[in-house]
1. Which of the following residues is free of Cβ contacts under 8 Å to residues at least 40 places away in the same chain and closer than 20 Å to D:M182 by Cα: D:R97, D:R121, D:R109?
2. Give segment B:261-314 a look and list any residue that's touching a Gly at 6+ places or on another chain (Cβ under 6 Å) and more than 7 Å from every other protein chain (Cβ to nearest Cβ), or say none.
3. Specify which of the listed residues (D:G95, D:G100) is in a loop (DSSP other than H, G, I, E, B) and either away from every other protein chain (no Cβ under 14 Å) or farther than 23 Å from D:A160 by Cα (or both).
4. Of everything in segment B:191-210, what is crowded, with 23+ Cβ neighbours inside 10 Å and away from chain A (no Cβ under 12 Å)? Give them in sequence order.
5. Report yes if some residue within segment C:223-244 is away from every other protein chain (no Cβ under 11 Å), under 30 Å from D:P149 (Cβ atoms) and assigned to a helix (DSSP H, G or I); otherwise report no.
6. Applying the selection to segment C:119-144, what residues are at the interface with chain B (Cβ under 7 Å from one of its Cβ atoms) and either within 18 Å of B:A280 (Cβ to Cβ) or of a type in the set (S, T, Y) (or both)?
7. Based on what the data block shows, is A:M28 open to solvent by less than 10 Å² (accessible area, probe 1.4 Å), touching a residue at least 24 places away in the same chain (Cβ under 8 Å) and under 20 Å from A:A165 (Cβ atoms)?
8. When you scan segment D:154-162, do you find a residue that is at the interface with another protein chain (Cβ under 10 Å from one of its Cβ atoms), of a type in the set (G, A, S) and in contact with a Leu (Cβ under 6 Å, 6 or more places away or on another chain), even just one?
Amino acid sequence: MSQPLLDMRHVSISYDGETVVRDVSLQMNPGEILGIVGESGSGKSTLLRSVMGLLGSGGSVTGGEIFYKGQNITHRKGEEARKLRGPGMGMIFQNTGAALCPVRTVGDQLCECVREHTDMGREEIRGQAKELLGKLGLSDGDRILDSYPFELSGGMSQRAGILMAMILKPDLLLADEPTSALDVTVQKQAVREMMRMRDLYGTGIVVVTHNIGVVEYMADKIAVMYQGKLVEYGDAGTVIRSPQDPYTRKLTDAVLRVRRRQA
Amino acid sequence: MKRYILKRVLQLVPILFGITLLSFILMNVGTADVIDVMESSTGSALTEEEKQEMREELGLDRPLPEQYGRWLLRALQGDMGESFVSGRPVFPEFVSKLPATISLTVSSVLVTILISVPLGILSAVRQNHFTDYLIRFLSFIGNSLPNFFVSLLLIYFFSLKLGLFPVMGSSGGWKSIVLPTLTLAIAMASKYTRQVRAAVLEELKKDYVTGARARGVRERKILFGSVLKTSMLTIITLLALSVGSLLGGTAIVESIFMWDGVGKMAVDAIAMRDYPVIQAYVIWMAVIYVVINLATDLIYHYLDPRIRLGQEEA
Amino acid sequence: MAGRKRKAGRAAGYKLLIFGILTLCVILIAVFAPYLTPYDPYAQDLSNALQPPGPDHLLGTDRYGRDMLSRVIMGSRTTIFSALLLVAIITLAGGAVGIVCGYYGGKLDSFLMRVSDVFLAFPGMVFAIAAASVLNRGVLNAVIALACISWPRYARITRSQVLAVKDAPYIMAARLSGSGTWKIIRKHIIPNIAGQVIVTAVLDIGTMIMEISGLSFLGLGAAPPTAEWGSMMSNGRSMLQTAPWVILSPGCAIFLTVMVFNLTGDTVRDFLDPRYRGKRRRE
Amino acid sequence: MQNILEAKDLKKVFYKNRVPFEAVDGVSFHIGKGECLGLAGESGCGKSTIAKIITRLIMPEEGSVRLDGKVQMVFQTPQDSFDPRRTLGDGIMEGMRNQGMGKKQAKERACEMLDLVELDRKFFYRYPHEASGGECQRAAIARALAVEPQLLICDEATSALDVTVQAQIAALLKRLQKEGGMSLLLISHDLALVQYLCSRVLIMHQGRIIEEGTPDEVIQDPREPYTRLLVESVL
């Protein structure tokens, strides 16, 4: 197979001298969906942020290397790192409403983002945005674009989040607990929309969540994290059905499943 | 929006009523007999009959609620009584001195904004760097200096030692406003710089900043496009609140610099126990403050879509 | 991240200790002022008037020949005690109103809040100036005047704090456990809101010192010959050019005292800041 | 079977920007002695409001609640359900002390309760922020059970916890309910949890109860379209 989309080699991350991620190695190919599961504090979100280069103050990659399409992006800073965010990789947050400036419209912020990376005109951007929203099954794109973040419902808000992350057609989409704030009915819709992005644009997706159901439904590969370490990593079916690591076993056993009628 | 303005203006009515009532009570409770005060401040000796006559003439023998009603009616027509000392009507006197105070206030607010908004932002952006520590240190000093001390220090150094500005009075052209403005601005800017810093820091911590970074938006754009836009809302409100302490501060500063505004008028009146003047001063300063706060609230309302649109839905 | 928090928390603890000791020193000076003055602060000696600072009189003398150092030390009493009294009054009065309003709500709440709106409509010093001018001259009256205008702010802060914790699950749990209203206020609400109110109060001491001496400066506070920093400066105004020490010594005394209280206030706030209080990180 | 709780025609209206919003719109149900009833629905459907009405934390506009005995509640956010300035032990003892129990006796019983919820006795002296979410939730259950309630309401009691801890708390609730014979009202959006614990379930939607039955009936053969959507959405 060709070059991996994302390749993490022995990555360790610490915040103010305290190691929160230890020696994690992961690889994913273009168009693949990788699910990272683990409980709160397991380091899964930190890992995601290190790929974006957004560890924040006090956080740094203290060991190992991160490659994006063969380029070492571990210690990229400033402009170099910024240019990758958007066209190279997009991010979806748990609460899209909060990840957007509250006093500016969605469309305004979308244009700001696109114009940082291209010289498209506003109308052109809106056109592309509406086209993308159309693919998410939303005919009335203007309404989302002209709304302020607080005006959107949970489901709408998550669509705006997908739009923001996908407008520049990045090859890698990072989703941090994208469905945790949503009701179950909306959750399934959001999951389907993300998968549709993969089908349409061949985007590789990393989804971090504590919800095993979501990962089981959408991921090709699953990584299980526990106390900052990667305890299990493999094909989704294998990890769920025959977990090797004791923690993974405990985790999969703990998931309560709805007993449906045997079809 | 129109409905909101109307609502807010209507809400003012009880407040204004309260202001007048409180001022009236203040001037009538715990005071010595007004006529005695008048007697001593004009320096004329009056007989008991003459005093009684004057009381009847002024309606001072009536029950207090009635006195209040009469007084309020007259006040609404712009008649706030006559000064015990000069015998001239108080309200025109107040109005004639207001421009001096307003120009001092406005210049202080402008200087405050010019100093503290850039410094506050700089301090927040360079949090925990040398610049931040220096700005915080300076604002700390400014915060601990009472304005009467600052004015005396400024006079001592700039007027007496360096001879750059006139010591007092409002007749020296633009130069005479510099020191009083600086005095008021130093105190206000010190407080306000900290508030701007805190407001910007608060916004910088929010998720939307991470969100914008994740979309590859330049730091400069995040700061000036989003962060300032949101923190400006807090900053405007805080500015309006600081105007309150400014309006109070003018009294001391005006009297030190002999700046012929309403503050000095009030301080002079206090020495003479010239109650009608003090009363007019208190009421009108409160009214001005209330109007400023109302204006701020409406601006805030207009600028913040969260509130603007939330209201329209209702 | 926990490591940094712990470190910051400990640093705030040390700072609190240092500034606490400083504050204590200032208060002790005020308490023992009569025993610390090198001269009688009220003894006039016209032959010795307006002496510049020197070995005999470290801070010089005023126009009646009174020792400035002694007067500054004595003046700390008036200013600091009245500021502490003032802050205590408004914290307790405003706090009580705020708790009642926040917890019970309803008509009493609306009424008291409208009343506080009226007080808040006055620029603070403007009202204090007027009130102090109506009352007779004296520090206590200056305190009363400032208390009248300052309590609503505390009522507001306390009320909003009460509203913030009132519906917390632990309060509901306490109600379900059968605890009465008074017990809930005393055992669960007051301890949980006290921090914020105390921070506001400590941060206000400095401001109040400045306002009280400001009123005295205008001749509305301490009456002569009482040694009070604001009135000492007011009396020395005309001698700014000839004898600046008469103004500088009380002025610096105010500045340093206010600074000590402000620093302490800031440190108390940092110390009580929930970010430093070992709460578990939520992801 | 005797009913421990009967709620009739409950109605509660909230106002948001003066627009009335019927959080609970004519809800009637009952809970039998020793029964575990599930109340499921999405956020905003009114299920937490019902819990507050039963515990008299809020008053309904209409309707009545008849409750035989004491009711206790376990909340969603474990750490916030204990006073941050008091130890977990203090919290557990509060109810018993209010019933007039002596300090020593209350402490003894609080420790027994900690044993019951499989929590080390050292947690008696811990503050909420010194315990994990799961530990706080166990302590909250201990506090609720200490006063021997006839009805225990769990309002999303496991939702804020990690998956593995959720399973432990669910197992604990199941054991306690079986052993103690008390009634349990389980409010949750998690159908799997409801199916695991409850013998009967009510599905709520927009302030009304739209479907009722055993969890297996409702999940395997939903009658209402909304219930079907809910069931199908579970991944």
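The values are calculated or read from the model by the stated rules, or taken from the named source; none is laboratory data. As the structure is a computational prediction, the values presented were derived from the model and not from experiment. Here the Cβ positions follow ideal geometry from the backbone for every residue, glycine too, while neighbour counts run over all protein chains shown. With ligands, DNA and RNA removed, areas are computed over all heavy atoms of the protein, side chains included. Shrake-Rupley method; radii C 1.70, N 1.55, O 1.52, S 1.80 Å.
1. D:R109
2. B:P276
3. When all the criteria are applied, what remains is D:G100.
4. B:Y192, B:T193, B:V196, B:R197, B:A199, B:V200
5. Looking through segment C:223-244, none of the residues is away from every other protein chain (no Cβ under 11 Å), under 30 Å from D:P149 (Cβ atoms) and assigned to a helix (DSSP H, G or I).
6. C:A121, C:F122, C:P123, C:M125, C:V126, C:F127, C:I129, C:A130, C:A131, C:S133, C:V134
7. For A:M28, the condition - open to solvent by less than 10 Å² (accessible area, probe 1.4 Å), touching a residue at least 24 places away in the same chain (Cβ under 8 Å) and under 20 Å from A:A165 (Cβ atoms) - is met.
8. no
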